[in-house]
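Asker: One structure follows; several queries about it will come next.
Quick note: the coordinates plus some simple rules give every number you see, no bench work behind them. Only a predicted model underlies this, so the values are computations on that prediction, with no experimental measurement involved. We place every Cβ from the backbone using ideal geometry, glycine too, and count neighbours over all the protein chains shown.
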Amino acid sequence: MTTSISLADLAGHLGATLHGDPTAQITSVAAIETAGPGQVTFVSNPKYTSLARTTKATAILVDPKFPEVPAATLRLANPYLAFARTIELFYQPPRYAPGIHPTAVIAPTADIGANAHIGPYVVVMDNVVVGDNAVILPHVVLYPHATVGDHFFAHAHSIVREYCQLGDHVTLQNGAIIGADGFGFARDHSAPSGNAWYKILQSGPAILEDNVEVQSNATVDRASIGETRIHAGVKIDNLVQVGHGCTVGLDTLLCAQVGLAGSTEVGKNVIFAGQAASAGHNTIGDGAIITAQSGVSGDVAPGKVVSGSPAIDNAAWLKASARFKHLPKILQDLKDARKSGEDVPESTAE
C-alpha cells in the first residue's frame, strides 16, 4: 500500500500527461466535493466541471481536452478508470491466508483446490469442486455438485445451489444466491380449491462464466429446463433478479434492482439502469440501453436506447415527459376553446 506518491510517478503509473508540479505529493484519493491538499480526484461527468475550478485537491484526473484549472491535472482518455487504478495504490483489501477453519463442514467427496481459504461455518456439500486460490468467507454454502473455478471469491452468506457452474475469477458479494429455484408454477384446476398452483421442478443449473461479479442480495435463478447463463464479464448489482432460463451476454451491466423475467435474452454490452425491467421471453439486442425505471414489454433492437413504461425510444420519451407536466393546462385550454365556440373535436378535449 502506497503512503505517498509524487505527481510525476503517479502520471507515469497511469500513462497520463501531467500539467502541474511534478514533485507535489499525493497521499490519498477523494471525491471532488471533499478533496483537499495532498489528495487526487477526478472529473468524468460534465456535471462536476465547475467544481474543478474551486476544488482544493492537489490534482485532478481529467480528459485531454479539459480546460486548465488552478489544480494540477493528469490528462488521459479515461479518467474514471484511472481513478479506479489510483485507489488501488492507497488501499488494499484484507488478504486471506490459505487454510480451512475448524468449524467449516466439508464433505469427504468435495474436491478443494490448492491454496484455498475456507472460513468459519462454511458448508461444502457432496461432490463440490472448488478451483485453486479460492476465498470462501464465513457462512457460505456450496450445495451438492456445484462447481466453482479458480480465484473464486465468496463473501459471507452467499450461496451456490446444486449443479451450478461458476467459471474463474467469479466474485459473489454478501447474500448473493446463485441457482435458487426459478418462479415456475402451473395451474392445477383438479386441486380441491379448483385453482391451485403446482410447482414446476427447476432442474436446470445457473451457469456463470469467467469474471462475473454478483453483488449483495442479488439472485440468479436456476432454470426449469435447460440453463440460466451469465456470460463472461457481466456485472450484476445489488438486489437484481435474473429469472429462470435467462441469458445475459458478454460484459453487460445489470444495475441495482433490475428485474429480468424468465427466458429474457440479453445481448452483449447492454446496460439495464437502476430499477429497469423486462417482461419474459424478450430479446434485448447488443449494445442496447434501458434507462432507469423503464419497463420493456417487447424486443429491443441492437444499439437502441429506450425509456419509460412501456419503454419507447428514448428521444420520444424525453419529449413526452417534458410535455407531461403541461397536460392539465393544455386540456383546460382546449375546454376553454370549445366554450368560446372554436372548432375543437370533442374527443380531443376530454
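Asker: Calculate the length of the line joining the C-alpha centroid of region 139-207 to that of region 1-35, in whole Å.
Answerer: Centre-to-centre (Cα) distance: 45 Å.
Asker: With springs only between Cα atoms under 10 Å, which of GLY259, GLY20, GLY113 fluctuates most in a Gaussian network model of the chain?
Answerer: GLY20
Asker: Is there a pair in LYS65/LYS304; LYS235/LYS304; LYS268/LYS304 whose C-alpha atoms are over 24 Å apart, and which pairs would that be? Walk me through the numbers before you get to the answer.
Answerer: Working: LYS65/LYS304 28 Å; LYS235/LYS304 20 Å; LYS268/LYS304 13 Å.
Over 24 Å Cα-Cα: LYS65/LYS304.
Asker: According to the square roots a ≥ b ≥ c of the eigenvalues of the Cα gyration tensor, what is the shape class of region 5-90, taking rounded for a/c under 1.5, prolate for a/b larger than b/c otherwise, and oblate for the remainder? Before the final figure, lay out each step's value.
Answerer: Working: a/c = 1.30, a/b = 1.19, b/c = 1.09.
Note, shape of region 5-90 comes out rounded.
Asker: Okay, next question. Report the residue, chosen from LYS335, LYS235, LYS304, that carries the largest GNM mean-square fluctuation when the chain is represented by alpha-carbon nodes joined by springs under 10 Å.
Answerer: Evaluated over the chain, the most mobile residue of the options is LYS335.
Asker: Spelling out what I want: for every residue of region 47-61, take phi, set θ = phi - 60°, compute 6.51 cos²θ - 1.76 cosθ + 1.60 (Karplus), and round to whole Hz; glycine and proline get x.
Answerer: 4, 9, 4, 5, 5, 5, 7, 10, 4, 8, 4, 5, 8, 10, 7
Asker: Give me CYS255, CYS246 ranked fewest to most by other Cβ atoms within 10 Å of their Cβ, as a rough exposure proxy. Could you put the intermediate results ahead of the total?
Answerer: Values: CYS255 20, CYS246 25.
In order of increasing Cβ crowding within 10 Å: CYS255, CYS246.
Asker: Can you work out the Karplus-derived ³J(HN,Hα) for every residue in region 105-111? Use 6.51 cos²θ - 1.76 cosθ + 1.60 with θ = phi - 60°, whole Hz, and x for glycine or proline.
Answerer: 10, 10, 5, x, 8, 6, 10
Asker: If r is the Cβ-Cβ distance from ASN78 to ALA301 and R0 is 30 Å, what FRET efficiency results, to the nearest 0.05?
Answerer: On the way: r = 28 Å, r/R0 = 0.93.
Calculated transfer efficiency: 0.60.
Asker: Bin width 20 Å, origin at 0, all Cα-Cα pairs of the chain: what percent of pairs per bin?
Answerer: Going out from 0 Å in 20 Å bins, the chain shows 24, 42, 27, 6, 0 percent.
Asker: Quick one: check the C-alpha center-to-center distance for region 287-326 versus region 248-286, whole angstrom.
Answerer: Centre-to-centre (Cα) distance: 14 Å.
Asker: Next question. Computed FRET efficiency, Cβ-Cβ of GLN332 and ASP251, R0 51 Å: what is it to the nearest 0.05?
Answerer: Numbers: r = 50 Å, r/R0 = 0.97.
For GLN332 and ASP251, the calculated efficiency is 0.55.
Asker: Based only on other Cβ atoms within 10 Å, what is the fewest-to-most ordering of MET125, MET1? Mind showing how you got there, number by number?
Answerer: On the way: MET125 18, MET1 7.
With the sparsest Cβ surroundings first, the list reads MET1, MET125.
Asker: Counting only residues 5 or more places away or on other chains, whose amide H sits under 5 Å from the amide H of PHE42 once H atoms are built in the peptide plane?
Answerer: For PHE42, whose amide H was placed from the backbone, the distant partners under 5 Å are ILE32, LEU61.
Asker: For region 1-148, just list the percent of Cα-Cα distances falling in each 10 Å bin from zero outward, please.
Answerer: The distribution over region 1-148 is 12, 32, 14, 14, 20, 8, 0, given as percents.
Asker: For the peptides 167-173, 285-291, 94-100, what is the packing order when you average, over each peptide's residues, the other Cβ atoms within 10 Å and list the highest mean first? List each step's numbers first, then the result.
Answerer: On the way: 167-173: 22.0, 285-291: 19.6, 94-100: 10.7.
Ranked by mean Cβ neighbours within 10 Å, highest first: 167-173, 285-291, 94-100.
Asker: Have a look at GLU227, GLU213, GLU88 and tell me which one the Gaussian network model of the chain (Cα, springs below 10 Å) gives the largest fluctuation.
Answerer: The residue with the greatest mean-square fluctuation here is GLU88.
Asker: List every residue whose amide H lies under 5 Å from the amide H of VAL129, counting only residues 5 or more places away in sequence or on a different chain, with H placed 1.01 Å from N in the peptide plane.
Answerer: The answer is ASP111, ALA146, THR147, VAL148.
Asker: Going by amide H atoms built from the backbone, whose H comes under 5 Å of the H on SER6, apart from near neighbours?
Answerer: ILE26
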